[in-house]
Amino acid sequence: MRGSREMKLDPDAVVTAEAEERAARLGVKLIRLPTPGERDIPAGELSPAGRDVSSPPPGGTPDRIAPRPLPLPPGGGTVRVTPRLDLLVRGGNVVVPGTGICQTDVWVKDGKVVGLASGGPEDAATVVPAEGCYVLPGIVDPHVHLGLFAPLEEELETESRSALLGGVTTVGCFFGGKSSYLPFLPELEGLVAAHSGVDLFPHLVIGTREQLEDLPRYVEWGITSFKLYMCGIPGLIPEVDDGFILAVLRRCAGLPRSCLVCVHAENAALVDWATEEVRAGTADPDLREWALTHPDLAEAEAIRRVCFLAREAGVPIYIVHVTSARGLQAVRDARSEGVTVYAEVASPYLVATWDSDRGTAAKMVPPFRGPEDQEALWAGLEDGTVTTLGTDNVTMTGAAKRLGESMWEVLPGYPALGTHLGTVLAEAVNRRGMSVLRVAELMCRAPAQVFGLYPRKGTILPGSDADLVLVDLGRKRPVRAGELGSRADFSIFEGREVKGWPCTVVKDGELVVQNGVLTGSPPRGRLLKR
């Protein structure tokens, strides 16, 4: 810098306050090159509200993450003025996971967060008052199933609508099948672009040798998360044996990009034996008896076994929907032995137990457990054993689930995208006193980091996608399936009063939900490649 009196900056270059001060001391003039739509105006005509919002400095606490104008040239000259903001979220309690909470404004342009600063420009195209609300990053639900009981394009439309109403703006969706996924992936990209209102990152179930051999090509497609079922779903998904599991883990260890293997961890043989015992004793079990068919021992043993295999292969693993105290202890023990293992809890298990009055509507695999296991899950959230929260959403109608038949005939699964955030806030923050910041870490930042989407997703720092959800912690409303936007016609939380509903949602910088109502057609989602 000492050899030049001017330094030209790219339009998107970030200039920190320290850099400005150093340039001034050295007598170097900073000149930002124009972007399309910018114009030069005399410095004397610059209004008091005029400022450069294109390059906020990163880092620091929220009240320091503020756009700063470049110094005015001595004796006048010109200064760059960018077009006005597309969106200004004003006066909310902005939650930046991993950093803190600060009352400030969120500045949005071209679908991105461009700054956090109070006193935003008055001429933003859209201003959203957020006083009294918490402003969170859009929720990232890492565990959903779509297209199982209806065409995928239909559920991308309906369930992304339900997701947005519930504050979820990005989903990780599991896809299964018996053949190679390579012909399906271009089709999936087109379906998401044409029908989804949220962004989607796929996880592929690996269950055949052909799919195992295709792993390098899936990675070339930008897919870096896969799933193994140690215990299958009868009639839907078969389980795989330990030899196949180790082969998948070793293959992932040798891939050019870091991959994550998600695991449905239950011991299939123990589940089969326990199910036969319960069948012999009752023709129509209740939820407590149904839970006995999938004992916590089966979960804990499978977690320990797959963690042992993961340590042998040298790859990280992600245990989906941990449900029990014994399962969480198995995760802790594996970590103490050096295994990189992430633990997910499905949010309905934090709110419902086997004492639920929903009966067969709440049949799920793994099953809802008792109050002691539920309290252990909450303790795992507090002590860091639990990494992320998902839903394990399976969209179906009551007829498809076979409600009205015996527990043995009813299919497992529930819709949960629309109630994911609201039920967690009601229980975690309003009832148990957990911080909103911790909730945002579990539901936004952590899933984005684990699955390679951070900082594009999971935060509100400058440069991230402008996916935001405004929450009024005092807002109460009962759960009504017909108001959740889903194709499903039932909810396991039907009639429950929830305190802490999302009220406003922004996706890609566009206002898509206002006062709990969809504002129109949301921007189309994208298939996120990692």
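The values are calculated or read from the model by the stated rules, or taken from the named source; none is laboratory data. Fair warning: this is a prediction, and the values are worked out from it, not measured in the lab. Cβ atoms come from the backbone with ideal geometry, glycine included; neighbour counts cover every protein chain shown. All accessible areas refer to the heavy atoms of the entire protein, side chains included, with ligands and DNA or RNA removed. Shrake-Rupley method; radii C 1.70, N 1.55, O 1.52, S 1.80 Å.
For this structure, a couple of remarks:
So that you can scan it fast, the table gives a plain yes or no per residue for (1) farther than 30 Å from S118 by Cα; (2) out of contact with any Gly (no Cβ under 8 Å at 6 or more places or on another chain); (3) open to solvent by 20 Å² or more (accessible area, probe 1.4 Å):
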| site | (1), (2), (3) |
| --- | --- |
| S160 | yes, no, no |
| K178 | yes, no, yes |
| F201 | yes, no, no |
| Y218 | yes, yes, no |
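- Residue match in the range 437-449 (condition: in contact with a Pro (Cβ under 6 Å, 6 or more places away or on another chain) and open to solvent by 10 Å² or more (accessible area, probe 1.4 Å)): yes
- Of all the listed residues (T423, T387), the sole one being under 20 Å from A163 (Cα atoms) and polar (S, T, N, Q) is T423.
- Residue under evaluation T504, criteria (1) touching a Cys at 6+ places or on another chain (Cβ under 8 Å); (2) of a type in the set (S, T, N, Q); (3) closer than 24 Å to V345 by Cβ, criterion not met: (3)
- Qualifying positions in the range 143-165 - outside any helix (DSSP H, G or I) and at negative phi: H143, V144, H145, L146, L148, F149, A150, P151
- Unique residue being under 23 Å from M364 (Cβ atoms) and small (G, A, S) when the list is G177, G119, G190, G138: G177
- Criterion (closer than 30 Å to C503 by Cβ and of a type in the set (A, V, I, L, M)) met by exactly one of V205, V219, V168: V168
- Number of residues in the range 232-257 that are open to solvent by less than 80 Å² (accessible area, probe 1.4 Å) and more than 22 Å from F308 (Cα to Cα): the value is 2.
- If you filter the range 258-296 down to residues that are within 14 Å of G232 (Cα to Cα) and in a helix (DSSP H, G or I), you find that the one that is most open to solvent (accessible area, probe 1.4 Å) is D272.
- The set of residues in the range 494-512 that are open to solvent by less than 10 Å² (accessible area, probe 1.4 Å), of a type in the set (A, V, I, L, M, F, W, C) and closer than 21 Å to V436 by Cα comprises V498, W501, V505, V506.
- Verdict on S486 being open to solvent by less than 10 Å² (accessible area, probe 1.4 Å), modelled with pLDDT of 95 or more and either out of contact with any strand residue (DSSP E or B) (no Cβ under 8 Å at 6 or more places or on another chain) or closer than 23 Å to A440 by Cα (or both): no
- Flag for P183 being modelled with pLDDT under 95, farther than 30 Å from L511 by Cα and open to solvent by 20 Å² or more (accessible area, probe 1.4 Å): no
- L437 being at pLDDT 95 or above and under 14 Å from the mean Cα position of the chain (by Cα): no
- Test: V171 is in a strand (DSSP E or B) and among the aliphatic types (A, V, I, L, M): yes
- Total residues in the range 274-291, condition farther than 15 Å from P367 by Cβ and among the aliphatic types (A, V, I, L, M): 2
- Qualifying residues in the range 84-118 (those that are outside any strand (DSSP E or B) and open to solvent by 50 Å² or more (accessible area, probe 1.4 Å)) - the one modelled with the lowest pLDDT: R84
- Top-ranked residue of the range 162-175 - restricted to ones that are among the hydroxyl-bearing types (S, T, Y) and either under 10 Å from the mean Cα position of the chain (by Cα) or open to solvent by 10 Å² or more (accessible area, probe 1.4 Å) (or both), ranked as nearest to Y318 (Cα to Cα): T170
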